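Heads up: the structure comes next, in structure tokens.
The values are calculated or read from the model by the stated rules, or taken from the named source; none is laboratory data. If you're wondering where the values come from, they're calculated on a predicted model, not measured in any experiment. Here Cβ is always computed from backbone atoms with ideal geometry, including for glycine, and neighbour counts include all displayed protein chains. Accessible surface areas use protein heavy atoms only, side chains included; no ligands, DNA or RNA. Shrake-Rupley method; radii C 1.70, N 1.55, O 1.52, S 1.80 Å.
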Amino acid sequence: MYIMIIIRNFFSLLIFFLVLSSNLFSQTDTSKFWTDGGFISIVFNQINLTNWAKGGESSLSSTAFLNLFANYKKDGLQWDNSLDMAYGIQSGEELGLRKNEDKIDLNSKVGLNAFNQVFYTALLNLKTQFTYGYNYPNDSDVVSKFFAPGYLITSLGLDYKPVDYFSVYLSPATGRFIFVLDQKLADQGAYGVDKAIYDKNGNLIESGKTLKPEFGAYLKAIFKKDIFENVNLESKIALFNNYTDKDPGNRKNIDVDWETNIMMKINKFITANIILHLIYDENIKIPIYEKINGVKTKVGEGSRLQIKEVFGLGFSFKF
């Protein structure tokens with residue numbers, strides 16, 4: 001009950017911040033206080049093998065990225081908004097067609113200056129994906145879809161922003177909501193929601209939960225800067241500790257989401273991208289496989305560090 005009271009109070013403060021900023025916007029010409037823009041990028045990767053003795057297969061992949069931002073700054077008020085979206089597919093001779101990237105990441109952070117470069121801040125973050133994901137090579141076994149999972153973070157804390165390209169946000173009072181809006185996945189307990197309960201004969205007693213609320217501490221640091229001429233580095237790390245995990249032993253665990261993107265501009269339209277994404281969440285169980293009699297066989301599941309690395313060459317347009 002106390003968690004819901006804190007969350008309701010947070011939403012009241014968030015509405016206060018938004019109303020305050022709306023009033024400020026309505027009192028003056030705000031165009032000179034906004035900074036907005038973004039970029040579109042399409043990255044390609046190709047491997048072509050013919051009579052290649054060492055093995056492997058030819059493959060082709062393409063990923064599209066869209067980044068938009070709109071930031072407001074006037075006196076002691078700062079309001080930063082961003083939307084990152086990406087979708088990619090790859091095709092191989094044996095693997096067939098499958099997606100290799102799928103992301104929707106919406107962020108909004110509004111703050112009032114407290115002292116020096118520290119701001120009282122309300123933060124909102126929403127993450128999900130566009131389409132179905134499958135347990136390849138079985139493309140009939142769905143493991144993810146739109147809002148399965150989805151993550152919503154609402155938070156109240158302090159934001160330290162000494163320079164435009166770096167900020168650290170810290171909150172001891174953060175609500176995180178995990179959505180699994182697919183009943184089959186929810187019944188399996190996917191992504192940490194409470195799974196379905198069955199009797200000894202396999203009859204359903206209670207369906208799996210499609211929403212899991214959590215409450216805890218949250219830290220997010222962002223660095224985005226041109227580190228060399230025509231080389232931009234953006235790195236974002238988010239840490240979350242759940243005070244309210246049903247298993248007391250898990251309350252010491254910290255969920256990690258760390259994404260780094262290096263974009264190297266070759267000319268006006270051609271860029272090279274390196275992306276590294278690391279995720280660790282104790283509640284996300286990864287299948288564990290072993291080879292038994294030469295056959296890849298699932299022997300269990302457990303928490304594992306998830307790693308994704310992408311390198312590609314493509315076209316980009318910045319605006």
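Where in the range 202-263 are the strands (runs of 3 or more DSSP E), entirely inside, with at least 3 residues that are surrounded by 15 or more Cβ atoms within 10 Å (Cβ to Cβ) and at pLDDT 95 or above? Even if it seems obvious, please write down each step before you answer.
Numbers: elements: 204-206, 211-228, 231-242.
Where strands (runs of 3 or more DSSP E) fall fully within the range 202-263 and carry at least 3 residues being surrounded by 15 or more Cβ atoms within 10 Å (Cβ to Cβ) and at pLDDT 95 or above, they are 211-228, 231-242.
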In the range 256-271, anything in contact (Cβ under 8 Å) with a residue 24 or more places away in the chain and out of contact with any Leu (no Cβ under 9 Å at 6 or more places or on another chain) is listed as M264, K265, F269
Is there any pair linking a residue in the range 272-289 that is over 17 Å from V143 (Cβ atoms) to one that is modelled with pLDDT of 80 or more and not in a strand (DSSP E or B), with Cβ under 7 Å and at least six apart or on different chains, and which? A272/I266; L278/L305; Y280/L305; E282/N250; E282/N253; E282/S303
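Conditions (1) surrounded by 13 or more Cβ atoms within 10 Å (Cβ to Cβ); (2) β-branched (V, I, T); (3) at pLDDT below 90, marked per residue:
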| residue | (1), (2), (3) |
| --- | --- |
| A53 | no, no, yes |
| N67 | yes, no, no |
| D75 | no, no, yes |
| S82 | yes, no, no |
| I89 | yes, yes, yes |
| E94 | no, no, yes |
| I104 | yes, yes, no |
Qualifying positions in the range 264-294 - surrounded by 13 or more Cβ atoms within 10 Å (Cβ to Cβ) and not in a strand (DSSP E or B): D281, E282, N283, I284, K285
If you scan the range 106-123, which residues turn out to be under 28 Å from F65 (Cα atoms), of a type outside the set (S, T, N, Q) and surrounded by fewer than 19 Cβ atoms within 10 Å (Cβ to Cβ)? L106
Please verify whether G294 is closer than 27 Å to D105 by Cβ and among the small types (G, A, S), treating the condition exactly as stated. no
Could you look through the range 136-155, keep only residues that are in contact (Cβ under 8 Å) with a residue 40 or more places away in the chain, in a strand (DSSP E or B) and open to solvent by 50 Å² or more (accessible area, probe 1.4 Å), and pick out the one that is farthest from D102 (Cα to Cα)? D139
